[in-house]
1. Please list, ordered by first then second residue, the pairs with beta carbon atoms under 7 Å, 6 or more apart or interchain, first in the stretch 228-256 and farther than 23 Å from Asp79 by Cα, second surrounded by fewer than 23 Cβ atoms within 10 Å (Cβ to Cβ) and hydroxyl-bearing (Ser, Thr, Tyr).
2. Collect the residues in the stretch 416-466 that are of a type in the set (Lys, Arg) and closer than 27 Å to Ile151 by Cβ, keeping them in residue-number order.
3. Residues that are of a type in the set (A, V, I, L, M, F, W, C): find the helices (runs of 4 or more DSSP H) completely inside the stretch 146-213 holding 3 or more of those.
4. In the list Glu130, Glu71, which residue meets the criterion of being within 21 Å of the chain's Cα centre (by Cα), among the acidic types (Asp, Glu) and surrounded by 16 or more Cβ atoms within 10 Å (Cβ to Cβ)?
5. For the structure I just gave you, tell me whether Asp297 is in a helix (DSSP H, G or I) and farther than 20 Å from Lys422 by Cα.
6. Is there any pair linking a residue in the stretch 429-456 that is touching a residue at least 24 places away in the same chain (Cβ under 8 Å) and over 11 Å from Arg487 (Cα atoms) to one that is buried (at least 20 other Cβ atoms within 10 Å of the Cβ) and of a type in the set (Phe, Trp, Tyr), with Cβ under 7 Å and at least six apart or on different chains, and which?
7. Quick one: which helices (runs of 4 or more DSSP H) sit completely within the stretch 355-428 and have at least 2 residues that are in contact (Cβ under 8 Å) with a residue 12 or more places away in the chain and in contact with a Cys (Cβ under 9 Å, 6 or more places away or on another chain)?
8. Would you point out which residue out of Ile419, Ile435 is closer than 30 Å to Asn320 by Cα, touching a Leu at 6+ places or on another chain (Cβ under 9 Å) and β-branched (Val, Ile, Thr)?
Amino acid sequence: MNNEVEANVNIGRDVQGVSAYSISGGTFAQYFISTSEAEESIHHRPLIQVSPYLGLSKFETADKDKFFGREGWITKLSDRLPKKDNVLLLLGASGSGKSSLINAGLIPHLKDNWGSFLNLTFRPDKNPFESLYYCLASHYTQSQAEIARTIAENTLIKVFQSLKQDARWLIFVDQFEEVFTTTPKLECDKFVASLVQLINQQDSSVKIVLTMRADFLDKFSSYSELGHIHDCYSCILTNMSEKELQLAIAEPAARNGVTFEKGLVDQIIKDFDQQSGCLPLLEYTLNLLWEEEKRKDNLKERVLKTKTYEQLGGVSGALNQQANKIYNKELNAQEREAAKEIFLELVGIVEKQPVSRRTDKSQFLETRDKESVLNKLIENRLLVSTGEKQIATVEVAHEQLLRSWQVLKDLIKDKEDIIVFKSRLTTDANQWNEIRKQDEQKANDELWSGLKLEQVLKYRKDPKFHQILFAKPESLENQFIEASVARRDFLRQQEDERKQRELETAKKVAQEAEVRRKAEAQARQAAEQRAQEAEARLKAEAEAHKQAVQRRMLITYGFTLFPSLVAAAVIAFRILLTTPCTP
């Protein structure tokens with residue numbers, strides 16, 4: 001951004017705008033004075049027909065000369081970083097301009113005032129360590145940057161000690177909420193711990209900036225160190241004031257020698273009405289307005305017209321109208337279906353709200369037809385692609401599309417259950433994949449089973465779900481499902497074998513019990529027979545004894561009756577005494 005902003009800035013409302021603020025000096029004087037000469041002054045500047053508005057694209061450092069309206073915030077943040085603190089957590093709503101403020105506001109200002117430093121900017125995505133590696137690889141050799149790929153609590157400290165040397169670093173982690181929404185828990189925990197270690201080192205030559213959506217602040221509750229960072233080093237980016245909006249709307253056009261028709265800036269601000277997260281929508285509308293006037297060859301008049309703005313549908317309708325135009329005119333029916341499949345791959349649901357998901361571009365290149373549709377969506381800026389070749393990614397141009405384009409809103413509503421399910425599947429698959437790199441056995445605990453596995457297998461058989469969830473057999477999600485099925489089958493086999501062993505054991509026990517029962521029965525029968533025989537013997541012996549007694553009694557009685565038979569009796573008695581008493 002220029003060191004001095006010249007006076008006589010027309011903001012299209014018969015008002016002269018900002019006069020003299022110094023970016024390099026860090027002071028800003030904003031005031032507005034009525035003037036009828038402002039428009040003429042701007043129209044004497046060279047006409048630059050290239051749009052000064054970025055549409056849905058984020059402001060980058062190179063866009064500093066197009067970034068207006070947040071000068072007060074640039075001063076506020078630069079007073080804290082690097083003067084007072086080494087870390088800054090900037091919170092705000094989605095679409096409130098957090099990333100743009102840092103990229104096109106704070107960083108250029110620091111370059112003017114802090115001196116030279118290495119700017120390391122990255123998003124966490126699925127693996128913040130991998131994202132840091134690619135960021136470092138653009139400044140160092142791949143072998144030097146390799147250390148960043150280590151998933152450990154001391155990784156950032158090691159990177160710092162190995163590579164920084166005497167340089168000064170600014171580490172900007174954009175969309176920090178992705179650590180909680182996209183990154184598997186293992187990497188999340190390690191990265192947070194690693195980041196906290198680096199912050200606690202309190203080296204003044206390393207400044208750390210985090211931007212995060214405020215609605216994800218509750219994720220800090222599981223990390224006491226992040227809670228401390230929030231308490232000590234955070235600030236919330238508030239809505240732009242009317243004067244700030246006037247600057248953001250009119251100043252870029254004024255720099256190109258163009259003004260707004262009288263009353264149009266007021267109308268745009270009224271239509272905008274500080275809708276939460278709608279700054280990208282405002283920027284998109286302004287860019288569309290500019291491009292439409294350029295297409296009509298009206299820029300030579302140097303005035304952006306109210307009529308054109310209304311034809312575009314205003315702030316609320318411009319994006320929806322333009323997206324519909326691209327969708328219906330640039331794509332045939334078959335291509336529109338392919339576009340829906342692509343968008344569903346790029347959308348997730350977090351906290352019941354649709355969010356953009358960055359995805360490897362390669363997964364959309366399996367057919368020429370889908371690749372052609374993807375390229376059309378990128379060319380028309382509904383999608384953006386970053387990176388090259390193997391590491392190229394694609395994502396929705398801005399999450400505002402998910403909230404403002406009716407076609408996409410209806411698609412998300414209709415497929416919400418699938419999107420939620422796919423988000424959960426992708427998250428769990430990533431978690432499983434990262435854990436199995438360390439411990440294959442432990443990773444088995446992450447696999448699906450029961451109702452979740454039954455549901456995903458049911459979805460896989462349904463054609464309307466198959467294309468969205470399972471079209472790529474080699475995908476990590478499909479590997480995860482196959483591993484879950486294999487684990488289920490293995491456990492089932494183990495259970496069947498266990499039951500078979502138990503059945504065989506029970507059968508053996510029963511057989512042994514039957515043998516014992518029969519043996520015991522036979523023993524009882526033998527014992528009973530022996531008892532019966534013993535009883536019979538006793539009875540026989542008793543009977544013989546009884547008969548012997550009776551015989552003796554008869555003999556004795558006979559002696560009494562017949563004494564003359566004494567000799568015969570004596571002989572008989574002797575015989576009786578020498579004869580055993582047997583039956």
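1. Between residues of the stretch 228-256 that are farther than 23 Å from Asp79 by Cα and residues that are surrounded by fewer than 23 Cβ atoms within 10 Å (Cβ to Cβ) and hydroxyl-bearing (Ser, Thr, Tyr), the close pairs are Pro252/Tyr53.
2. Step one: filter the stretch 416-466 for residues of a type in the set (Lys, Arg), giving 422, 424, 436-437, 442, 452, 458, 460-461, 464.
If the condition is that a residue be of a type in the set (Lys, Arg) and closer than 27 Å to Ile151 by Cβ, then Lys422, Arg424, Arg436, Lys437, Lys442, Lys452 are the ones that fit.
3. Details: elements: 155-159, 178-181, 185-200.
The qualifying helices (runs of 4 or more DSSP H) are 155-159, 185-200.
4. Glu130
5. Working: in a helix (DSSP H, G or I): no; farther than 20 Å from Lys422 by Cα: yes.
For Asp297, the condition - in a helix (DSSP H, G or I) and farther than 20 Å from Lys422 by Cα - is not met.
6. Listed pairs, sorted by first residue: Ala429/Phe480; Trp432/Phe480; Val456/Trp448.
7. On the way: elements: 368-379, 400-404, 406-414.
In the stretch 355-428, the matching helices (runs of 4 or more DSSP H) lie at 400-404.
8. Numbers: Ile435 fails: closer than 30 Å to Asn320 by Cα.
Only one candidate qualifies: Ile419.
The values are calculated or read from the model by the stated rules, or taken from the named source; none is laboratory data. These figures come from a predicted structure and were not determined experimentally. Positions of Cβ are backbone-derived with ideal geometry, glycine not excepted, and every protein chain shown enters the neighbour counts.
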